[in-house]
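Here is the structure we will look at.
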Amino acid sequence: MNKKLGLTALGAALALGLTACGGGGAGSNNDTADADPGDLTIGVAMPTQTSERWIADGEAVESQLEEAGYDVNLQFAGDDIPTQAQQIDQMITEGADLLIVAAIDGTALSAQLQNAADQGIPVISYDRLIRDTENVDFYVSFDNYQVGVAQGTALLAGLGVTDEEGNATGATGPFNVELFAGSLDDNNAGFFFNGAYDTLEPYITDGTLVVKSGQTSIEQAATLRWSQETAQRRMEDLLTSSYSDGSVVNGVLSPYDGISRGIITALQNAGYGTDAKPMPVITGQDAEIASVKLIQDGVQSSTIFKDTRTLAEQAVTAAEAFLEGEEPEANDTETYDNGVKVVPSYLLEIETVYQDDIQPVLIDSGYWTAEEVASGQSD
């Protein structure tokens, strides 16, 4: 695969026209088709403000919807499932015309979404697929399996097993690696892990990579709520249980930058990051500014950049379609089965960011400034 699964043809993708809706989705509401946007309210439910990424998502969705003229009710749930359920209930009670939901637990909102469907309110699942309900009308996200492939490739490239395009170099190792996954209640975690593991498995099978802990299943590797602190504790436990014989960790598959920072803290506390004991190759995701700084400094190896501005733009495009009595354009109608139905989806592409990519991909695009990268803090 290419080092850059870039935002290829993104402008064209986001500019795709809308197709007329014959019967409409589960929540299609043709009563809004002739309404002025200023008379319509869109409820936006985001999971947490403890993650820089979700703050950026919420702000991007809100600002773009407001620019389109809509009234927006943006709520963050503090990673608390009952809070998010209550917030969505309140949005419906207050007359939301459409919901955009990034679920904390993709299986925990069935009652709220049934209520929305009963009132003809369309529901767009944002980045995290809502599961086990027919009452989700559209899904906007990135190609999450390819995120995992990119992370696996970045780990291999950092170890020198492949180049950045995924071509084998002939290096045989063995390299000690450990695997981390996201939260099992987030549907994306499985796509990330499966994409990465499918990429790494041939090298685990032939002995180039050795998972010294033996923990190779997603259940063993999972990190509840994507918690940095939980990841740090698990990495500490792995070092104690599997590396007290003097062996070292050469690489760590991490699905998210916050998890990566927890892993790095555990490793630094164990003496890694010196000439005598180099920091392992560590992957990540979301291009959070603290981790971009770590990549700039040579501590973290890579991250996957998913531009929240373009995801927000696609969510707005889908919302406008529903509110105009139409269906949004889907580019995937097969992959995302939520357990009840295959949800029509629009998937965006991603980029792998190594140290040399920070300037052209993140700074030149205006996602982060050079000053923010230098300080490791957003303004």
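The values are calculated or read from the model by the stated rules, or taken from the named source; none is laboratory data. Keep in mind that this is a model prediction, so the values were computed, not measured. Quick reminder, even Gly has a Cβ in these numbers, built from the backbone with ideal geometry, and neighbours come from all protein chains shown. All accessible areas refer to the heavy atoms of the entire protein, side chains included, with ligands and DNA or RNA removed. Shrake-Rupley method; radii C 1.70, N 1.55, O 1.52, S 1.80 Å.
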Looking at the range 337-355, is at least one residue under 30 Å from G158 (Cβ atoms), in a helix (DSSP H, G or I) and open to solvent by 30 Å² or more (accessible area, probe 1.4 Å)? yes
If you go through the range 96-108, how many residues are within 23 Å of T317 (Cβ to Cβ) and at pLDDT below 95? 1
Selection status of G158, modelled with pLDDT of 95 or more, outside any helix (DSSP H, G or I) and surrounded by fewer than 24 Cβ atoms within 10 Å (Cβ to Cβ): no
For the range 114-137, which residues satisfy the criterion of being of a type outside the set (K, R), touching a Gly at 6+ places or on another chain (Cβ under 7 Å) and within 18 Å of P47 (Cα to Cα)? V123, L129, I130
Residue check: is T208 among the polar types (S, T, N, Q), over 24 Å from V299 (Cβ atoms) and either within 17 Å of the chain's Cα centre (by Cα) or surrounded by fewer than 18 Cβ atoms within 10 Å (Cβ to Cβ) (or both)? no
Condition check for T333: at pLDDT below 95 and of a type in the set (S, T, Y): no
Cβ contacts < 7 Å: first residue at pLDDT 95 or above, restricted to the range 226-237; second residue open to solvent by 60 Å² or more (accessible area, probe 1.4 Å), any location; separation 6+ or different chain. Result? T230/L224
Is it the case that some residue within the range 196-205 is among the β-branched types (V, I, T), under 25 Å from the mean Cα position of the chain (by Cα), within 27 Å of T335 (Cα to Cα) and at pLDDT 95 or above? yes
Would you point out which residue out of S291, S301 is crowded, with 16+ Cβ neighbours inside 10 Å, touching a strand residue (DSSP E or B) at 6+ places or on another chain (Cβ under 6 Å), assigned to a loop (DSSP other than H, G, I, E, B) and hydroxyl-bearing (S, T, Y)? S301
